[in-house]
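Asker: Dumping the structure here so I can ask a few things about it.
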């Protein structure tokens, strides 16, 4: 015990705070992530609905690196044939390589995600500590950010009044209830768990923004041009890690330039570095894939229904609770409005309330997550000041904190109870079927199959398919109408279907329950004209000669 006390006294205040963050939030995530994707006697399970819904796409993105030919890497989009790989692939590629080198599939996914979330935790603390200058205030900011939510807890109180057992397992998410107008999903459940690239992207972006703010405050004294170019080069590479983090860096650079126009030459060098790095990425991955329609004008974001102002104010009160008025009040009380990072938070907030930066309007939440973090800073500092005051100020701070994080805490508490909300992703029979297919197929083989979101061919074999889940493709801005029609024609058989199979160069046709029910696959046509190489558990695979 004396040794622990001695070591505690030896480390700095900054290090103590970092340790506190890892022993609390780090412990939460370390407990959670192994339970988000796991094997059992029945197969592979998802411990959260957002993992069940989103991670099959990440599996599909990882499979070319796990089982595909190296010459095919980065040459196509695993979710839509003949499209460039516009999705930020670094994290999924790493998981795929881990599988290629022998790591078990579920571990290859949850373990890197856990490490990246822990990395982000460290960056969050590194970012806030210079502003907060105390362990308590820094911890408050991080907690307000990670336990984000609005007034959904009001509905929980109603549920609890009807059934006290709601306290043991909340019956629903209280930061995600569209029927009630609640769209702001808690940060952990919306971004850190399902969006595997987000922790890496946000962490890297915050490190760059912190450096830029430091240079800005120091009026760029003693900053070499090579440093400016290097920071721009790193920013320009960001689309490989996370696209929305790249957009945040772009907006941050514009805002800081407006904040202090006198150093425009310095920002030009940063922009030059970013342009040099991003140009080859754009032409290799994005050129010809993104249209002007990808971005659009939508004032009010998800509250864009008449009467506009009433709905907009009500929307943000319901979704963020007292957060917005409180951050303005706290910034005034603490003089935090003088900080460029506070202005950047407001800038990102209003940009996201005016424009859409992806066809799916909800995806603006990825930019708003940065805004929420920046705007949480003055709140954490102000609440810390109250807690350091007299008894009644401390009580007031705790009440305010509870209102801020009650809804988010309910969802986080619900989230760790994975056994009560798990969903089977792939049964052992389906996994065995995928393994059998890999035995008689070859890397790069093209398979006609459905767009089922957890399709085993796409998510477990590394084979190419024509089209993934249409809900994903629409949100990425892809035009898949022709491919969709051609898939229907090929499954219908006949001469036209046969010609399309040849045109696309299809090697195998996969027919299971989904293909029969939703795509009306004509099994007799394939049975008559092609070799059946697998028939088990209601699944058939035909080879196209």
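Quick note: the coordinates plus some simple rules give every number you see, no bench work behind them. The structure displayed is predicted, hence computed values, not measured ones. As a convention, Cβ positions derive from the backbone with ideal geometry for all residues, glycine included, and neighbour counts pool all protein chains shown.
Asker: Within region 172-193, find all residues whose amide N lies under 20 Å from a label point positioned 7 Å from the Cα of residue 158 along Cα-to-beta-carbon.
Answerer: Backbone N within reach: 172-186.
Asker: So what's region 190-335 giving for Cα Rg divided by 2.2 N^0.38 Å, two decimals?
Answerer: With N residues counted in region 190-335, Rg over 2.2 N^0.38 Å equals 1.25.
Asker: A further question follows. Cut-off is 10 Å between beta-carbons; in what order do 504, 518 appear when sorted fewest neighbours first?
Answerer: Fewest to most other Cβ atoms nearby, the residues stand as 518, 504.
Asker: Additional query: With a Förster radius of 60 Å, plug the Cβ-Cβ distance of residue 338 and residue 536 into 1/(1 + (r/R0)^6) and report the FRET value to the nearest 0.05.
Answerer: Once rounded, the FRET efficiency stands at 0.30.
Asker: State the extension gain, in nm to one decimal, for the chain segment bounded by residue 489 and residue 470, taking 0.36 nm per residue of separation less the distance between their alpha-carbons.
Answerer: 5.1 nm
Asker: If you line up the long axis of helix 308-320 against the longest principal axis of the chain, both from Cα atoms, how many degrees apart are they, to the nearest 10?
Answerer: Between the helix axis and the principal axis of the chain, the angle is about 90 degrees.
Asker: Could you work out [θ]222 nm for the chain from helices alone, using -39500 (n - 2.57) per DSSP H run of at least four and dividing by all its residues? Round to the nearest 500 deg cm²/dmol.
Answerer: -18500 deg cm²/dmol
Asker: Let me see the P(r) profile for the chain: every Cα-Cα distance counted, bins of 10 Å, each bin given as a percent of all pairs.
Answerer: With 10 Å bins starting at 0, P(r) equals 3, 16, 25, 25, 17, 9, 3, 1, 0.
Asker: Here is a follow-up. For region 384-496, just the Cα set please: Rg and Dmax, both in angstrom.
Answerer: 25.1, 83
Asker: Here's a follow-up. Bin by bin, in steps of 5 Å, what percent of the Cα pairs in region 82-130 do you find, going until the bin that has the longest distance?
Answerer: 5, 18, 19, 16, 16, 13, 8, 4, 1, 0
Asker: Here is a follow-up. If you project the alpha carbons of region 396-461 onto the principal axes, what extent comes out on each, in Å, largest first?
Answerer: 67, 22, 18
Asker: To the nearest 0.05, how large is the calculated FRET efficiency for residue 268 and residue 502 if R₀ is 41 Å and r is the Cβ-Cβ distance?
Answerer: 0.15
Asker: Rounded to whole Å, give me the distance from the Cα center of region 400-419 to that of region 113-162.
Answerer: First find each Cα centre; the distance between them is then 10 Å.
Asker: Please work out the Cα convex hull volume for region 74-231 and give it in Å³ per residue.
Answerer: In region 74-231, the Cα convex hull volume per residue is 216 Å³.
Asker: Give me 219, 176 ranked fewest to most by other Cβ atoms within 10 Å of their Cβ, as a rough exposure proxy.
Answerer: 219, 176
Asker: Taking 25 Å as R0, compute the FRET efficiency from the Cβ-Cβ separation of residue 237 and residue 97 and round it to 0.05.
Answerer: Calculated transfer efficiency: 0.85.
Asker: Under Stokes-Einstein, with the Kirkwood radius over Cα pairs standing in for Rh, what whole-number D in µm²/s applies to region 452-545 at 4 °C and 1.567 mPa s?
Answerer: 93 µm²/s
Asker: On a C-alpha basis, how far is the centre of region 53-94 from the centre of region 362-391 in Å? Whole number, if you could?
Answerer: Result: 36 Å between the Cα centres.
Asker: Per 0.36 nm of contour for each residue apart, how much would the distance between residue 514 and residue 413 grow if the chain were fully extended, relative to their Cα-Cα spacing?
Answerer: Full extension from residue 514 to residue 413 adds 32.9 nm.
Asker: Turning to a different aspect of this structure: How much of the DSSP beta bridge set in the chain is antiparallel, as a percent to the nearest 5?
Answerer: 85 percent
Asker: For region 182-197 and region 319-360, what is the separation of their Cα centres, given in Å?
Answerer: 19 Å
Asker: Treat each spin label as a single point 7 Å out from the Cα along the C-beta direction, and report the residue 436 to residue 178 distance in nm.
Answerer: 3.7 nm
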